[in-house]
Amino acid sequence: MNFLKRIENQTLIAIFLAVLIGISFPSIILKFSVIGKVFLKLLKMVVTPLIFTSVFTSLLNLKSFKTLERVGIRTVIYYLSTTSLSVLLGLFIVNIIKPSAEIKIHEIPKLKTISLEDLVLGLFPENIVKSFASNEVIPIIFFAIVLGLAALKIGKKAQPLNSFFEALNESLLILTRGIIQLTPVGVFFLVGSLVAKEGFALLLSLWKYAGTVILGLAIHGLIILPFILYLFTQTNPWQYFLCIREAPLLAFSTASSSATLPVTIEVAEEKAKIRSEIAGFVLPLGSTINMDGTALYEAVAAMFIAYSYGLKLTFFQQFLIFITAVLASVGAAGIPSAGLVTLTLVFQSVGLPLEGLGLILAVDRFLDMLRTSINVWGDLVGAKIIDHWLNKERAHSIV
Ligand code: ASP
């Protein structure tokens, strides 16, 4: 897979160049922004069918209910634990730094709010065709899991279904490889137009808040996740990161875990040699429910708004922020700004004014890029650990 290595390096160079050119010649790069959009569309084109085929075929390949239960339960427990850790870290840092800003909101954001009921209802499909049409990832995963379970029940008779979806899955991965070739160009125009449009001035105006989020993300991504990876698998985290770096880089450029998913699966299977039935199940699930970066950001953002309004939150209120930030990150879709929408749930839990969101909007896209990279890195660390656990168990049961 030499081509992946070439593309990773080119992608990195593309990001640097995009920042330089986006600042120096914004109007030129904006003229060509359509190229970045086309690249994004191509990625999205494969995501929805890929989520379905990879979850369904992985499930059938895991074969027994017992293995499935083991993988499923561990995946969910692992994901919730690391997400909780990252929220705790966010709360710890924000309580030390106590960032705040002057409230001068000119524009009250018109954001969709989300309730706990919406969050629960959003897990289930009402019409699977509609879910496919509107890229509702969690309902599609739900459907793939229950259909897979049903297919496991009918045993041999499910073989045609399995072969069909396996062939589709492999073809989609080949298609993904083709799209990956375009990454450096796509990323150049995506990042370039963003820098051209937004500039860096806004980031500076909210540096204390942005800095707190960035510090939290950095500690989680560079210290905590690598430590967990090493603890459970004795893998060298740096080497593992280098091996899969294309995925977090693309996550940074697209601010979307879902759009990155085809590449995440590709690097996990081809470069990190994670078994496809594990990667195909753990990663699609992770791309939508495991968002360590988003959860940390939501906790810091809520506290920042509270400080800015001069509110003192009690221990219990911070506990509510902890719970809702974990839930809100699970409920957030893997698309740009999804975390900003589910942040309303965190605000409502402690009665923070929704207008406060106006304060953080300006820097949100940039923080979104960073938190999405951490989200995807967290998914890949999770996949490696779950794969390792299962390999170990397998080895024991053979002996
Ligand atoms: N953009 C993030 C993701 O796709 C979600 C968010 O925090 O807005 O993972």
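Being closer than 16 Å to Ile97 by Cα, assigned to a helix (DSSP H, G or I) and open to solvent by 10 Å² or more (accessible area, probe 1.4 Å) is the filter here; which residues of the stretch 303-326 pass it?
Tyr307, Ser308, Gln318
I'm trying to understand the selection: among the residues of the stretch 224-276, which are open to solvent by less than 30 Å² (accessible area, probe 1.4 Å) and among the charged types (D, E, K, R)?
Glu246, Glu266
Within the stretch 328-366, track down each residue that is within 10 Å of the ligand (Cβ to nearest atom) and farther than 28 Å from Leu231 by Cβ.
The initial filter retains those residues of the stretch 328-366 that are within 10 Å of the ligand (Cβ to nearest atom), namely 328-329, 332-343, 364-365.
Answer for the stretch 328-366, where residues must be within 10 Å of the ligand (Cβ to nearest atom) and farther than 28 Å from Leu231 by Cβ: Ala333, Ile335, Pro336, Ser337, Ala338, Leu340, Val341, Thr342, Leu343, Asp364, Arg365.
What helices (runs of 4 or more DSSP H) lie completely within the stretch 207-302 and have 1 or more residues being more than 23 Å from Val330 (Cβ to Cβ) and of a type in the set (A, V, I, L, M, F, W, C)? Step through it out loud before you land on a result.
Values: elements: 207-219, 225-233, 237-244, 246-254, 257-270, 276-289.
The qualifying helices (runs of 4 or more DSSP H) are 207-219, 225-233, 237-244, 246-254, 257-270.
Each row is one residue, and each column tells you yes or no for (1) closer than 25 Å to Pro139 by Cα; (2) polar (S, T, N, Q); (3) at pLDDT 95 or above.
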residue: Leu242; (1), (2), (3): no, no, no
residue: Arg245; (1), (2), (3): no, no, no
residue: Leu250; (1), (2), (3): yes, no, no
residue: Thr254; (1), (2), (3): yes, yes, no
residue: Thr264; (1), (2), (3): yes, yes, yes
residue: Ala268; (1), (2), (3): yes, no, yes
residue: Lys271; (1), (2), (3): no, no, no
residue: Arg275; (1), (2), (3): yes, no, no
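For the stretch 370-393, does any single residue satisfy the condition of being away from the ligand (no atom under 16 Å from the Cβ), assigned to a helix (DSSP H, G or I), open to solvent by less than 20 Å² (accessible area, probe 1.4 Å) and charged (D, E, K, R)?
Among the residues of the stretch 370-393, at least one is away from the ligand (no atom under 16 Å from the Cβ), assigned to a helix (DSSP H, G or I), open to solvent by less than 20 Å² (accessible area, probe 1.4 Å) and charged (D, E, K, R), which makes the answer yes.
Confirm whether Ala306 is free of Cβ contacts under 8 Å to residues at least 60 places away in the same chain, away from the ligand (no atom under 11 Å from the Cβ) and of a type in the set (A, V, I, L, M).
Details: free of Cβ contacts under 8 Å to residues at least 60 places away in the same chain: yes; away from the ligand (no atom under 11 Å from the Cβ): yes; of a type in the set (A, V, I, L, M): yes.
So Ala306 fits the description; yes.
If the Cβ limit is 6 Å and pairs must be 6+ apart or interchain, which residue in the stretch 312-335 that is free of Cβ contacts under 8 Å to residues at least 40 places away in the same chain pairs with which residue that is among the β-branched types (Val, Ile, Thr)?
Gln317/Val350; Leu320/Val350; Thr324/Val346
In this structure, is Leu68 buried (at least 23 other Cβ atoms within 10 Å of the Cβ), more than 19 Å from the chain's Cα centre (by Cα), over 21 Å from Gly334 (Cβ atoms) and at pLDDT below 85?
Criteria not met by Leu68.
Report every pair of residues separated by at least 6 positions or lying on different chains whose Cβ atoms are under 9 Å apart, first residue within the stretch 27-46 and over 22 Å from Thr176 (Cβ atoms) and of a type outside the set (A, V, I, L, M), second open to solvent by 80 Å² or more (accessible area, probe 1.4 Å) and assigned to a helix (DSSP H, G or I).
Listed pairs, sorted by first residue: Ser33/Lys197.
The values are calculated or read from the model by the stated rules, or taken from the named source; none is laboratory data. Worth saying up front: this structure is predicted, and the values here are computed from it rather than measured. Don't worry about glycine lacking a Cβ; one is built from the backbone with ideal geometry, like all the others, and counts go over all protein chains shown. These area figures cover heavy atoms from the full protein model, side chains too; ligands, DNA and RNA do not enter into them. Shrake-Rupley method; radii C 1.70, N 1.55, O 1.52, S 1.80 Å.
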